[in-house]
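*Asks:* Here's a structure for you.
The values are calculated or read from the model by the stated rules, or taken from the named source; none is laboratory data. Just so you know, these numbers come straight off a predicted model, no measurement behind them. Using ideal geometry, Cβ is built from the backbone for each residue, glycine included, and neighbour counts are taken over all protein chains shown. For the accessible areas, the whole protein counts, side chains as well, though only heavy atoms, and no ligand, DNA or RNA atoms are used. Shrake-Rupley method; radii C 1.70, N 1.55, O 1.52, S 1.80 Å.
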Amino acid sequence: MNKVTIDPITRIEGHLGVNLDIESNRVVNAYCAGEMFRGFEVILRGRDPLDAQQITQRICGVCPVSHGMASVLAQDAAYSISPPDNGRLGRNLIQAANYIQSHILHFYHLAALDFVDITAVAKYQGNDPQLLGVKAWIKSQIASGVPHPGAPFLPRYTGNYIESSELNCLAVKHYLEALEMRTMAHKMAALFAGKMPHVASIMPGGITERITADKIAAYSSMLKRLQVFIDEAYVPDVLEVAKAFPDYFNQGKGCGNFLSYGVFPESSKGKKMFPSGVIIGGKSSEFEEGKITEEIAYSFYSSSSGLKPAGGETVPDAAKSKAYSWIKAPRYGGQVVEVGPLARVLVAYGKGDDAKLKGLVEKVLGALDKKPQDLVSVLGRHGARAVECKLIADRCGEWLDQLKPGEPAFAEFSVPSSGSGVGLTEAPRGALGHWITIKDGKIGNYQCVVPTTWNCSPRDDKGTPGPVEQALAGTPIADEKNPIEAARIVRSFDPCIACAVH
Ligand code: NFE
Ligand code: MG
C-alpha cells in the first residue's frame, strides 16, 4: 500500500489535505483533513446577537452573503419577525448575485484548469488582444524553461487536457472574461447589500437598503450581461468539458445520499425556488431539522459527540489521539449525505414541480446522451452547478419585477432577553445552518453547520468516511506522482475549508 498526500489541495479556499492509501493504482482509503482551527462559534459567545450576521460573514469571503442570511434567518425566528416582500426579494437578489459570482469562480478559476491546456495559447493565431497578452507571457515562460508554464494558472498536474487548441484558447479567453463577470456580480449584490463581499444591509427583518427604480435598472442591465455569459460561455464550456472527459461521469460518485434545506423563498409562507428534501438510498423524503447531529470521534474536539446543533459544543483539543481533522462530521439520521448544487438539483428534479428546471436538466442530459443517474459524478456536479446558475440568473429578472420601489424592505423588531432560532438556507456549496440561543440579551450559544463541513467531513463515530472520502475510494490513479484524478474529484465538490472549520 502506498501513501499519497495532496497537501494542500490547491485552487480551493483554505487548507485541505487529502491523504490517500493506494494499492495497484487504485485508492483504497481516503482521509480529508481540515488543517486549521478558527473558533467563530467560540468568539460569538457573550456577544450582542445583532453582531452575529456581521461576525459570521467573516467566516468566508466567497459565501459571506449566505452566512449573513443564515444568521438573520435564525434571528428572524428568535425575534418572531418576518421581512416584507421587498426585504425577502432584496435578500434573494443579493444571495443570487453571490451564487452567480461563486459558480463562475468555481468553474473557471478553480476547476477548469484541471481540464484546459493553457500552453495551447502559445500557438494562438488570432488577434484577440487579451489572448495575445497571455500568449507573449506564456511563450516567455516556455523560453526561460519554467517547469509548468502558465503561472498564475498554477499549480497544476501533468495530465490529459483538452486536445483542441481552439477550445483551449477559448477557455482561456473565458477565464479572463469570467474575472470581469464576477466583478459585475459583486456590483449587483452591492446595490441592495450596501457593499461586497461582507454585506452591510442584511439585517433581521429584511434589508436596510432602500428599493429604488435606479437600483432595479442597474441590477437588471448587469444581469443581462451575466445571462449572456452564462448562456454563451459557462453552460457550453461545461458541455465541452463533459464531451472531452466522458469517463468523469463514472468517477467520484460518493455516498449517493443527498440533502437540501431549500433556498430562495418565493413567499413569506415558505415555498422556495429550490425545495428542501432528502434522498437516502435512492428514496426521497421530507427534510427534518431534528435529524441533524455532529459527530467528533475523528475531529480535534473534546466536546460530546452526536449532539444536535441547537445544543452543540465547540471545545478544541489539538492533542486528541485518533483525530485527523478540525472539521466535525455532520450526519442526517446517522447517515452520510452530500450537499451542494447536485443535491439541490436532484431534490428539485425528483419533486418534479419546477418545469424549467426539469426541462433544462433534460436538455443537458439529452445533449450528452446521459441519464439522471449519471449526474452522480464529477461531471454531474459541474453540470448541476451550471444548470442552477442559469436558472437563478433567469429567476432574478422576475424577482426584480416583483420589487415595489419606495415601499419598506425592513420590519421593526426588538431583541428579547432570551430565545432561540434556527436559520436554514443553502449557500452556493450546499446546506448551511446557523443555530442561535440568546441568554440575558447576549449570545449564549451559536453553532454553524456548513456545506463543506458536510462534504469534507472526516469519519464519524462508526468509522464511516465522509462524502468526499467516499467519492475518492476506488478511484484509479494512473500516476501516483500526478494524482490529477483525485484532485478533479475533490474540486468537483467546490470545497471551502475556511467555511468547513469556521
Ligand atoms: Ni467559504 Fe461556503 C461553504 C459556500 S458556507 S464558501 O462550505 O458556499 O456559506
Ligand atoms: Mg460548527
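*Asks:* Percent relative contact order of segment 41-99, based on C-alpha pairs within less than 8 angstrom and at least six residues apart?
*Replies:* Numbers: 30 pairs, mean separation 16.4, N = 59.
The normalised contact order for segment 41-99 reaches 28 percent.
*Asks:* Determine how many Å³ per residue the convex hull of the Cα atoms of segment 195-272 encloses. Each step should come with its number before you reach the end.
*Replies:* Values: hull volume 14.6 nm³, N = 78.
Taking only Cα atoms, segment 195-272 has a hull volume of 188 Å³ per residue.
*Asks:* Please compute the Kirkwood hydrodynamic radius of segment 11-147 from all pairs of different C-alpha atoms, in Å with one decimal. Intermediate results must be reported in sequence, preceding the final value.
*Replies:* Details: mean 1/r = 0.0504 Å⁻¹.
Computed over segment 11-147, the radius equals 19.8 Å.
*Asks:* Show which lysines lie in cross-link reach of residue 481 when reach means a straight Cα distance below 17 angstrom and same-chain residues fewer than eight apart are skipped.
*Replies:* By straight Cα distance, residue 481 reaches 3.
*Asks:* With a 1.4 Å probe and all protein chains left in place, how much accessible area per residue does segment 407-502 have, in Å²?
*Replies:* 28
*Asks:* Ok, one more. Show me the three semi-axes of the equivalent ellipsoid for the chain, from the C-alpha gyration tensor (sqrt of 5 times each eigenvalue), largest first, rounded to whole Å.
*Replies:* Working: eigenvalues 240, 169, 86 Å².
Whole-Å semi-axes of the equivalent ellipsoid: 35, 29, 21.
*Asks:* Check residue 263: other-chain or 5+ apart residues with amide H under 5 Å from its amide H, H built from backbone geometry?
*Replies:* Residues meeting the amide H criterion: 273, 274.
*Asks:* Given a cut-off of under 8 Å on Cα pairs at least six residues apart, what relative contact order in percent is computed for the chain? Intermediate values should be presented prior to the final figure.
*Replies:* Numbers: 1066 pairs, mean separation 131.5, N = 502.
Value for the chain: 26 percent.
*Asks:* Also, I was wondering about something else. Residue by residue through segment 247-254, which ³J(HN,Hα) values in whole Hz follow from phi under the Karplus form 6.51 cos²θ - 1.76 cosθ + 1.60 (θ = phi - 60°), with glycine and proline marked x?
*Replies:* Ordered by residue, 3J(HN,Hα) equals 4, 6, 7, 9, 10, x, 5, x Hz.
*Asks:* Sorting 198, 434 by accessible area (1.4 Å probe), largest first, what list results?
*Replies:* Working: 198 40, 434 0 Å².
The ordering from most to least exposed comes out as 198, 434.
*Asks:* Just the accessible area for residue 322, please: 1.4 Å probe, Å², rounded to the nearest 10?
*Replies:* We get 130 Å² for residue 322.
*Asks:* Now, a different point. Holding the Cα-Cα limit at 29 Å, pick out from 272/404; 224/358; 135/195; 215/269; 283/322; 272/439 the pairs that are longer than that. Before the final figure, lay out each step's value.
*Replies:* On the way: 272/404 20 Å; 224/358 23 Å; 135/195 36 Å; 215/269 27 Å; 283/322 34 Å; 272/439 31 Å.
Distance filter (> 29 Å) returns 135/195; 283/322; 272/439.
*Asks:* Quickly rank 27-34, 471-478 as a protection proxy: mean count of other C-beta atoms within 10 Å, highest first. Provide the component values of the computation, followed by the final result.
*Replies:* Values: 27-34: 22.2, 471-478: 18.6.
So the peptides 27-34, 471-478, ranked by packing, come out 27-34, 471-478.
*Asks:* Per residue, how much space in cubic angstrom lies within the convex hull of the C-alpha atoms of segment 342-464? Working shown, then result.
*Replies:* Values: hull volume 20.1 nm³, N = 123.
That works out to 164 Å³ per residue.
*Asks:* Once amide H atoms are built 1.01 Å from N in the peptide plane, which residues 5 or more positions from residue 36, or in another chain, come under 5 Å H to H?
*Replies:* 326
*Asks:* If you filter segment 416-502 for trypsin sites (Lys or Arg not before Pro), then keep DSSP loop positions with at most 15 other Cβ within 10 Å, what is left? Mind dumping the intermediate values first?
*Replies:* Values: sites: 429, 439, 442, 459, 462, 481, 488, 491; in loops: 429, 459, 462, 481.
In loop regions of segment 416-502 (DSSP not H, G, I, E or B), the sparsely surrounded trypsin sites (Lys or Arg not before Pro) are 462, 481.
*Asks:* With a 1.4 Å probe and all protein chains left in place, how much of the accessible area of segment 213-321 comes from carbon and sulfur atoms, in whole percent? Let's see the in-between values first.
*Replies:* Details: 2660 of 4890 Å².
Of the solvent-accessible surface of segment 213-321, carbon and sulfur hold 54 percent.
*Asks:* A follow-up question, please. Any chance you could look up the accessible area of residue 326 with a 1.4 Å probe, heavy atoms only, rounded to 10 Å²?
*Replies:* About 40 Å², rounded to the nearest 10.
*Asks:* Taking every Cα atom in segment 265-400, find the radius of gyration and the maximum pairwise distance Dmax, and write them in Å.
*Replies:* Cα-based Rg and Dmax for segment 265-400 come out at 18.4, 53 Å.
*Asks:* Straight-line reach from residue 308: which lysines have a Cα under 18 Å away, not including same-chain ones fewer than 8 places off?
*Replies:* 291, 328, 462
*Asks:* Would you mind telling me the antiparallel percentage of the DSSP bridges in the chain, rounded to 5? If you can, show how the numbers build up before the last one.
*Replies:* Values: 48 of 51 bridges.
Bridges in the chain are about 95 percent antiparallel.
*Asks:* So what J values fall out for segment 38-43 if you push phi through Karplus, 6.51 cos²θ - 1.76 cosθ + 1.60 with θ = phi - 60°, rounded to Hz, Gly and Pro as x?
*Replies:* 10, x, 4, 5, 6, 4
*Asks:* Sorting 479, 76 by accessible area (1.4 Å probe), largest first, what list results? Don't skip to the end; give the middle numbers.
*Replies:* Numbers: 479 65, 76 10 Å².
Correct descending sequence by accessible area is 479, 76.
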